[in-house]
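Everything on this sheet refers to the single structure shown next.
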Amino acid sequence: MTVVGPFGLSVRDQALEADVQAGLAAVEEGLLEATKSEVPFITEAAQHLVRAGGKRFRPLLVMLAAQFGDPYAPGVVPSAVVVELTHLATLYHDDVMDEAAVRRGVASANTRWGNSVAVLTGDFLFARASHILADLGPEAVRVQAEAFERLVTGQILETAGPQDGRDPVEHYLDVLGGKTGSLVAVSCRFGAMMSGADETVVDVLTQYGERLGVAFQLADDVLDIASDSHESGKTPGTDLREGIPTLPVLRLRERAARLGLAEDVALCELLTSDLSDDARHAEALAALRAHPALEQARRDTVRYAEDARAALAPLPECAAKTALVQLCDAVVHRAG
């Protein structure tokens, strides 16, 4: 039997399929329950992105990691709700910072209700996540707090930019480790931890999640340039327009500095110009799509996905491990 999940993941094991499907369904119910408020407007705003869908990538990882212990343990589903609520909250805040107009194929909360409501809704989701977390014990609170600190630190470092003399690519990969890798790592950690898996298994899955999270974000960087809004659910080139240097742009700058080719230098200059102009933005997007820097970013994505796959080596062969390996392939396919 086969179930197709996020990124076309195929689970060819009936027991695993049943556990994952049941777990994700319970998470969906938990998300709707956690985003309810006595104030109808808050409920509407808080459920805006929940109802818009999404891949539920982090809850899926919780469910798969829980297979290395007791997948029916009482803390598994609530911990998955916590990581998804945290992720959703960061999306509300990110869209304000990026002035994004579209998220998951619908108008972003800041476009629909304004920046203040979007920020406060994100805060509301953080509060609800913390409420659930409190019932999971002090260790879970500590793990989530450390991950959240890393997430915010990564966002601040991205905003501040690399210090003088620091390689911009290395800086950016550190940023992604905090912004994205931290919460994906916690997803795997919570699933294993809440299921009672052995501590060595918890550590292996945490390392896997960290690397997979970076690969996942690098794939997003590639998609932001290479895809259209129908494929990604977001406006293409959003980071370009806002002047945020993602990996394809950093690889372009690196190449321009190394080789000094006129066309590379010219494209770098275009990317630093005012891309709020739609025609100039379209020109920059088309040029970067055709540039070798985009292919280099794809290779970087593959490298991190392979590192994630390698981290799984100590785990016993089982259906859940196979599914985790397939996720590495699926992340690479997204960037292809």
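Summary of values
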quantity: Where the range 218-336 is the region considered: accessible area per residue in Å², 1.4 Å probe; calculated: 46
quantity: Among 282, 192, 257: highest mean-square fluctuation, GNM of the chain, C-alpha pairs under 10 Å; calculated: 257
quantity: Heavy-atom accessible surface of the range 239-336: percent carbon and sulfur, 1.4 Å; calculated: 54
quantity: Carbon and sulfur %, accessible surface of the range 120-224 computed with the full protein complex present, 1.4 Å; calculated: 56
quantity: Computed [θ] at 222 nm, helices only, for the chain once each DSSP H run of length n ≥ 4 contributes -39500 (n - 2.57); calculated: -23000 deg cm²/dmol
quantity: In Hz, Karplus ³J(HN,Hα) per residue of the range 65-73 (6.51, -1.76, 1.60; θ = phi - 60°; x = Gly, Pro); calculated: 5, 5, 5, 8, x, 9, x, 9, 4
quantity: Among 293, 260, 313 the positive-end extreme of the charge dipole of the range 240-323 (Cβ point charges); calculated: 313
quantity: Farthest toward positive dipole pole in the chain [+1 Lys/Arg, -1 Asp/Glu at C-beta], among 25, 82, 141; calculated: 25
quantity: Only Lys, Arg (+1) and Asp, Glu (-1) charged, at Cβ; the range 1-152 dipole about Cα centre in debye; calculated: 320
quantity: Magnitude of the charge dipole, the chain, Cβ model with Lys/Arg +1 and Asp/Glu -1, debye to 20; calculated: 380
quantity: Rounded to whole Hz, the Karplus (6.51, -1.76, 1.60) HN-Hα couplings of the range 114-124, x for glycine and proline; calculated: x, 5, 4, 5, 4, 5, 5, 5, x, 4, 4
quantity: Accessible area of the range 132-190 divided out per residue, in Å², using a probe of 1.4 angstrom; calculated: 48
quantity: The range 262-304: radius of gyration and largest Cα-Cα distance (Dmax), Å; calculated: 11.9, 35
quantity: Selection of trypsin sites (Lys or Arg not before Pro), the range 204-295, meeting DSSP coil and at most 11 other Cβ within 10 Å; calculated: none
quantity: Cα centre as origin, Lys/Arg/Asp/Glu Cβ charges: the range 23-105 dipole, Debye; calculated: 240
quantity: Estimated D of the range 150-291 in µm² per second, where Rh is the Kirkwood radius over Cα pairs and Stokes-Einstein applies at 4 °C, 1.567 mPa s; calculated: 78
quantity: Quarter of the Cα convex hull surface for the chain, i.e. its orientation-mean projected area (nm²); calculated: 16.9
quantity: GNM result for the chain, Cα springs below 10 Å: residue of 12, 298, 104 fluctuating most strongly; calculated: 12
quantity: Residue among 317, 199, 38 with the largest mean-square fluctuation in a Gaussian network model of the chain, springs linking Cα atoms under 10 Å; calculated: 38
quantity: Amide H contacts under 5 Å for residue 107, placed H, 5+ residues apart; calculated: none
quantity: Descending Cα extents along the principal axes, the range 66-188, whole Å; calculated: 46, 40, 24
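The values are calculated or read from the model by the stated rules, or taken from the named source; none is laboratory data. Values in this document were obtained by computation on a predicted structure and should not be read as measured data. No Cβ is skipped: glycine too gets one built from the backbone with ideal geometry, and neighbour counts run over all protein chains shown. Just the protein is used for accessible areas: all its heavy atoms, side chains included, with ligands, DNA and RNA removed. Shrake-Rupley method; radii C 1.70, N 1.55, O 1.52, S 1.80 Å.
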